[in-house]
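Trainee: After the C-alpha cells below, expect a handful of questions from me.
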Amino acid sequence: MARLLFGPLFAVLCTAPLPGQDIAAVWFPTHKGDSWIYQHETRNDIGQGAAHPQVHRWKTEETLFSSVALPEGTLIGKRIRVFDGTPPAQYAPRAADAYLLHNDCIYTNNVDWFPLRHQLAPEFSKLLSDGTVSPDFCFPLEVGKTWGAPHPAQPPATEAPSTGAKQWQVAAIEDHDRSAPGHRRTFHITSISSASRSGTTVDIWFAQGFGVVRELRVQHGTYGEERITLLSFDPALR
C-alpha cells in the first residue's frame with residue numbers, strides 16, 4: 001500500500017448503509033484498508049508528585065479489515081499493532097477492535113464484539129438498545145451540538161466497567177489547526193458527563209475525513225495524563 005501522508009479522503013461505505021449511516025461515512029473513514037498511525041504518551045503520578053511522573057511512549061498502527069451490516073448498524077473491524085514502545089497494562093489495546101456505525105453516529109471505543117463471528121456481544125446490544133452506552137461522535141459536527149447518554153450516579157452492577165455512559169459537546173472549531181493534517185479545520189469536542197466533572201477532563205480534536213487527530217485525557221486528582229496524536233493516515237486504495 002502506498003503511503004499518502006494526509007491525502008484527501010471522501011469516505012463512502014462499502015456495504016449498503018442504513019438511514020443516516022451515509023452521513024457518518026462521509027465524516028469518518030470506513031473503507032477496508034484505511035490505516036492510521038498514532039503516537040501515545042502517558043504520564044502518571046506514582047508517588048513522586050506531578051513534577052516527576054512515570055512516562056510511557058509507544059505507537060499504534062490501526063487498520064480497518066472488515067465491514068459487516070448488522071441489524072444494529074455497520075460493524076467495522078479494526079486491527080491494532082503496537083510498536084516503538086510498550087504501553088502500561090491498563091492502556092494496552094485489544095489486537096482486534098471494532099467501530100459501530102449506528103444511525104448518524106459512530107461508536108469507536110469499547111464496542112464489545114466477537115471478531116471471529118463479526119457479531120456484537122448480547123450485553124453490548126442491550127446497552128445500545130437501552131440508550132445507556134454513548135456514541136463517541138454524532139454527525140454532522142457543529143459548535144454547540146451535544147450527544148450521549150447520561151452518566152449514572154451509580155452504574156448498574158451488570159454494566160461492564162468499560163461501557164460507562166458519556167456526554168459530549170462540540171466546544172469550538174479551529175479553522176487552521178497546526179496539529180492537524182495540512183493544518184485542516186478541526187472540531188474541538190469535550191466531555192460534559194458527570195464523570196469528567198468529578199475530576200477527569202477529555203478533549204478531542206476531530207478532522208472530517210480523517211477522524212481523531214489528537215486527544216488529551218487528564219485526571220486531576222491523582223495526576224494522570226494521556227496524549228494521543230495522529231502521525232499519518234493512509235486511505236485505502238480505491
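The values are calculated or read from the model by the stated rules, or taken from the named source; none is laboratory data. Keep in mind the model is a prediction, meaning the values are calculated, not measured. Here the Cβ positions follow ideal geometry from the backbone for every residue, glycine too, while neighbour counts run over all protein chains shown.
Trainee: Looking only at segment 122-132, filter to residues that are surrounded by 14 or more Cβ atoms within 10 Å (Cβ to Cβ) and under 19 Å from the mean Cα position of the chain (by Cα); which one of those is farthest from Leu100 (Cα to Cα)?
Mentor: Thr132
Trainee: Quick check on my filter: what residues within segment 174-206 are assigned to a strand (DSSP E or B) and closer than 23 Å to Ala149 by Cα?
Mentor: Phe187, His188, Ile189, Thr190, Ser191, Thr200, Thr201, Val202, Asp203, Ile204, Trp205, Phe206
Trainee: Next up: Out of all the residues in segment 57-95, which are of a type in the set (A, V, I, L, M, F, W, C) and under 13 Å from Leu120 (Cα atoms)?
Mentor: Answer for segment 57-95, where residues must be of a type in the set (A, V, I, L, M, F, W, C) and under 13 Å from Leu120 (Cα atoms): Val68, Ala69, Leu70, Leu75, Ile76.
Trainee: In the list Pro87, Pro135, which residue meets the criterion of being under 20 Å from the mean Cα position of the chain (by Cα), part of a loop (DSSP other than H, G, I, E, B) and over 23 Å from Asp234 (Cβ atoms)?
Mentor: Checking each option against the conditions leaves just Pro135.
Trainee: Then there's this: Only one of these conditions is not met by Phe83: (1) of a type in the set (A, V, I, L, M, F, W, C); (2) in contact with a helix residue (DSSP H, G or I) (Cβ under 9 Å, 6 or more places away or on another chain); (3) surrounded by fewer than 14 Cβ atoms within 10 Å (Cβ to Cβ). Which number is it?
Mentor: (2)
Trainee: A further question on this structure: Looking only at segment 213-238, which residues are of a type outside the set (Lys, Arg) and free of Cβ contacts under 8 Å to residues at least 60 places away in the same chain?
Mentor: Val213, Glu215, Leu216, Val218, Gln219, His220, Gly221
Trainee: May I ask you to say which residue of Leu141, Leu128, Leu116 is over 29 Å from Glu174 (Cα atoms) and part of a loop (DSSP other than H, G, I, E, B)?
Mentor: Just one listed residue meets the conditions, Leu116.
Trainee: Given the condition out of contact with any Phe, Trp or Tyr (no Cβ under 7 Å at 6 or more places or on another chain), free of Cβ contacts under 8 Å to residues at least 60 places away in the same chain and among the polar types (S, T, N, Q), answer yes or no: does some residue in segment 40-55 qualify?
Mentor: Taking every residue of segment 40-55 in turn, at least one turns out to be out of contact with any Phe, Trp or Tyr (no Cβ under 7 Å at 6 or more places or on another chain), free of Cβ contacts under 8 Å to residues at least 60 places away in the same chain and among the polar types (S, T, N, Q).
Trainee: Thr63 passes all but one of (1) surrounded by fewer than 16 Cβ atoms within 10 Å (Cβ to Cβ); (2) at pLDDT 95 or above; (3) outside any loop (DSSP other than H, G, I, E, B); which number fails?
Mentor: Only one criterion in (1) surrounded by fewer than 16 Cβ atoms within 10 Å (Cβ to Cβ); (2) at pLDDT 95 or above; (3) outside any loop (DSSP other than H, G, I, E, B) is unmet by Thr63, namely (1).
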